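One structure below.
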Amino acid sequence: MSKFQVINREISWLSFNERVLQEAADERLPLLERLRFLGIFSNNLDEFFRVRVATMRRLRDIRLENPDIVDLDPGKILDKINEIDLKQQIRFEEIHEDLTKALEKEKIFLIDEKQITADQGAYITQFFREHVRANLFPVMIKNFKRSSFLRDRSIYLAVHLQIKDRPSKEDFALIKVPISNVSRFVILPKKAERNYIMLLDDVIRFNLAEIFSIFPYNVFHAYSIKLTRDAELDLDNDVSKSFMERMTESLKQRKKGRPVRFIYDQRMPSVLLELLTQKLKITEKDSIIPGGRYQNFKDYMNFPNVGGPQLEYPPAPPLPHPDLAGSRSILSTLRQKDIMLHFPYQSFQYIIDLLREASIDPKVRSIKMTLYRVAKGSRVVNALINAARNGKKVTVFLELQARFDEQANIFWSEKMQEEGVNIIHGLPGLKVHSKLILIRRKEKKENVLYANIGTGNFNEETARLYCDDSLLTSNPQITHEVDKVFSLFEKNYYGPVTFKNLVVSPFRTRRFIMRMIDQEISNAKSGNEASIFLKLNSLVDESLVKKLYQASQAGVKCRLNIRGICVLVPGVPGLSENIEAISIVDRFLEHSRVFIFHNGGDQRFFISSADLMVRNLDHRIEVGCPVYDKELQEELLTMMEIQWKDNEKARTIDKKQNNTYRKLNPENPVRSQVAIYEYFKEKYHRKIN
């Protein structure tokens, strides 16, 4: 038997982000989509440093003081992270340069302050005075004593001011680039069929003399920097304060979090770099990354299209569901059969319509819902408020600790409470990550329940970009247990609870999956067919990894479709030769979680809000749901099989983390997201015709 093996989760995550970077390099993609993948890569990396690297640094500090407490070596992992990060940054700059040249072939020119003509300069100066100058507040570096005023993930220009012919006469300043108030991309007037775009950073560079006009300096050089801070929230345990008060105060402290990553323009003179690191209290123990002229490429996710539709993906509007299209009442349809929606292939509008219908239906008595991340102008929240205004009893469990959405959730919480919605904020020690709706309707003097159980957030914006599954049902086996989950929230109780149908963390998910794998192992040892087919965002829990290794050794065929982190090592002789793993990164973010077990020929299907990570299994309220309807089972299996055949956007996961594109049958190209869209389009037309 081979020795137990796992890939470090941080290294596996960096491998996932490498796949995102590969998309930016893929010449088969429309040009602006490749630029946007650069933005996604950059945004992902920011979050990684804010959360995971910050955690590793805390562990390193603990280990230095108490070597016996932490068994792994965080210092070595941090060194490896920095090594990989530097390599990826070099690759990033190469891809960015290639894309800039490709833009020029499309007559789109990214120009800086040294490349402009006189009339462009006049336009930029006018633009600066009208839209930018009022948002600039320079700080002389020698004056500031608190580094906490530098905001996380913001761009700053470190400005070197000098007098020509008197280089010793110098000063230094910091200017925050105001991208929250002004677009990062300034579109200049078109000339001779050529489109020109200038980054806001360079607009400011062009006008430095005007900004510092009160000084005698006449030579200016500006170098971009970006600081990433520890995003962990330290919640005050003062019981005299409400949970919302403690969250609000903790969010304020996050702005002063410890720096974990400092990126600077590598052309910056050493005297300025030393001054900055000294003032910001950044040491050699921190991640100090030399970069290029520009930072914060996350803004490239919103790169403007000035060149035509061929530069973007062709439209793929959400499709109507054949059983709901033209339906006067979603609830009446659910009385007849279960419905499953698959976003973004099908429209999220049905969820809005369901809530709207429930809000005005005179027989509906109550609506209960969990919310984790919602859209900025959430129609979901507006529908719930409307239900409360119509006299329905509306209860919402709103998770205030949804990372990086805490402030928005505090806002929505206050808004809904003002309108009469009953808000429940937290369970001690547990995050609520489940995606649930429960509607109670009085029908013939009886309470009838309708439920929605999903894999993704009730967010109409992300539902256009994230692949998720959402089951709508009136099956009492499921709806009564969904009601039991809401009772946990309402009673603030998380003791032992029994569920026969739903797979609920932290009570049942780990034991249930272990038992299902054990059953496949038993079937394989008896000489019967045995298989496991999982789709996940992340596979991290080592006890489940060990159990999957046992399944492989027993002869169970395991297929894993894992978008992100996978610490399991597939294909190792004597350990995991019966396990294959792929990852798909494409136009839409693969976000759904699906579990399929062969079960002696009577396959069992589940969708879930939970990944196989310790936090999802043991420290969150997560809900997995069986799919009993045979037609819906076939639908899920078809989608899973299409993805398994993907040979255009699927990469093989292996020990080497090379992210090699999977080539099954080059003569029959399969791009699964396109194929699934066509599958649902055909299914819709077949049913309505």
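The values are calculated or read from the model by the stated rules, or taken from the named source; none is laboratory data. In this text, all values refer to a predicted model and were calculated from it rather than measured experimentally. Don't worry about glycine lacking a Cβ; one is built from the backbone with ideal geometry, like all the others, and counts go over all protein chains shown.
Taken over the range 125-153, the criterion of being aliphatic (A, V, I, L, M) and touching a strand residue (DSSP E or B) at 6+ places or on another chain (Cβ under 7 Å) is satisfied by 136, 139, 140, 141, 150. Quick check: anything in the range 202-223 modelled with pLDDT of 95 or more and closer than 26 Å to residue 407 by Cβ? The answer is no, given that none of the residues of the range 202-223 is modelled with pLDDT of 95 or more and closer than 26 Å to residue 407 by Cβ. Of the residues making up the range 350-393, those that are in a loop (DSSP other than H, G, I, E, B) and surrounded by 21 or more Cβ atoms within 10 Å (Cβ to Cβ) are 372, 374, 378, 392.
Checked against the criteria, residue 622 does not count as over 22 Å from the mean Cα position of the chain (by Cα) and either crowded, with 22+ Cβ neighbours inside 10 Å or among the acidic types (Asp, Glu) (or both).
Residue pairs whose Cβ atoms lie under 6 Å apart, sitting 6 or more positions apart in sequence or on different chains, and linking a residue in the range 96-110 that is in the same structural domain as residue 195 (by TED's automatic domain parsing) and within 16 Å of residue 185 (Cα to Cα) to a partner that is surrounded by 14 or more Cβ atoms within 10 Å (Cβ to Cβ) and among the hydroxyl-bearing types (Ser, Thr, Tyr), are 109/196.
Identify the single condition in (1) surrounded by fewer than 22 Cβ atoms within 10 Å (Cβ to Cβ); (2) touching a helix residue (DSSP H, G or I) at 6+ places or on another chain (Cβ under 7 Å); (3) in a strand (DSSP E or B); (4) of a type in the set (D, E, K, R) that residue 577 does not satisfy, given that it satisfies every other one. In the conditions (1) surrounded by fewer than 22 Cβ atoms within 10 Å (Cβ to Cβ); (2) touching a helix residue (DSSP H, G or I) at 6+ places or on another chain (Cβ under 7 Å); (3) in a strand (DSSP E or B); (4) of a type in the set (D, E, K, R), residue 577 misses (3) alone.
Just one of the listed residues (309, 344, 320, 304) is closer than 23 Å to residue 459 by Cβ and either surrounded by fewer than 21 Cβ atoms within 10 Å (Cβ to Cβ) or without any contact (Cβ under 8 Å) to a residue 12 or more places away in the chain (or both), and it is 320.
Selection within the range 174-191: residues that are crowded, with 17+ Cβ neighbours inside 10 Å and more than 19 Å from residue 300 (Cβ to Cβ). The member of this set that is nearest to the chain's Cα centre (by Cα) is 176. Screening residue 508 on (1) within 20 Å of residue 341 (Cβ to Cβ); (2) in contact with a Gly (Cβ under 9 Å, 6 or more places away or on another chain); (3) among the charged types (D, E, K, R) shows it passes everything except condition (1).
I'd like to know if the range 525-533 contains one or more residues that are touching a residue at least 12 places away in the same chain (Cβ under 8 Å), in the same structural domain as residue 609 (by TED's automatic domain parsing), touching a strand residue (DSSP E or B) at 6+ places or on another chain (Cβ under 6 Å) and not small (Gly, Ala, Ser). Step through it out loud before you land on a result.
Residues of the range 525-533 that are touching a residue at least 12 places away in the same chain (Cβ under 8 Å), as a first pass: 525, 528-533.
Checking which are in the same structural domain as residue 609 (by TED's automatic domain parsing) leaves us with 525, 528-533.
Then keep just the ones that are touching a strand residue (DSSP E or B) at 6+ places or on another chain (Cβ under 6 Å); that gives 531-533.
Pick out the ones that are also not small (Gly, Ala, Ser) and you get 532-533.
Yes, because at least one residue in the range 525-533 is touching a residue at least 12 places away in the same chain (Cβ under 8 Å), in the same structural domain as residue 609 (by TED's automatic domain parsing), touching a strand residue (DSSP E or B) at 6+ places or on another chain (Cβ under 6 Å) and not small (Gly, Ala, Ser).
Screening residue 290 against (1) at pLDDT below 95; (2) in the same structural domain as residue 486 (by TED's automatic domain parsing); (3) more than 22 Å from the chain's Cα centre (by Cα); (4) of a type outside the set (A, V, I, L, M, F, W, C) leaves a single unmet condition, (2).
Okay, residues lined up against (1) closer than 30 Å to residue 306 by Cβ; (2) without any contact (Cβ under 8 Å) to a residue 12 or more places away in the chain:
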residue	(1), (2)
151	yes, no
155	yes, no
163	no, no
174	no, no
178	yes, no
192	yes, yes
203	yes, no
209	yes, yes
216	no, no
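For the range 270-287, filtering for residues that are touching a strand residue (DSSP E or B) at 6+ places or on another chain (Cβ under 8 Å), hydrophobic (A, V, I, L, M, F, W, C) and at pLDDT 85 or above leaves 4. Looking at the range 97-210, the strands (runs of 3 or more DSSP E) lying wholly inside it that each contain 2 or more residues that are aliphatic (A, V, I, L, M) and touching a helix residue (DSSP H, G or I) at 6+ places or on another chain (Cβ under 8 Å) sit at 155-163, 185-191. In this structure, residue 215 does not satisfy being part of a strand (DSSP E or B) and not small (Gly, Ala, Ser).
Reported count of residues in the range 1-32, each being surrounded by 18 or more Cβ atoms within 10 Å (Cβ to Cβ) and of a type outside the set (A, V, I, L, M, F, W, C), is 9.
Can you confirm whether residue 552 is buried (at least 21 other Cβ atoms within 10 Å of the Cβ) and under 24 Å from the mean Cα position of the chain (by Cα)? Before you say what the answer is, go through the steps one by one.
Numbers: buried (at least 21 other Cβ atoms within 10 Å of the Cβ): yes; under 24 Å from the mean Cα position of the chain (by Cα): no.
It is false that residue 552 is buried (at least 21 other Cβ atoms within 10 Å of the Cβ) and under 24 Å from the mean Cα position of the chain (by Cα).
The residue that is surrounded by the fewest Cβ atoms within 10 Å (Cβ to Cβ), among those in the range 277-297 that are in contact with a Phe, Trp or Tyr (Cβ under 9 Å, 6 or more places away or on another chain) and within 14 Å of residue 155 (Cα to Cα), is 293.
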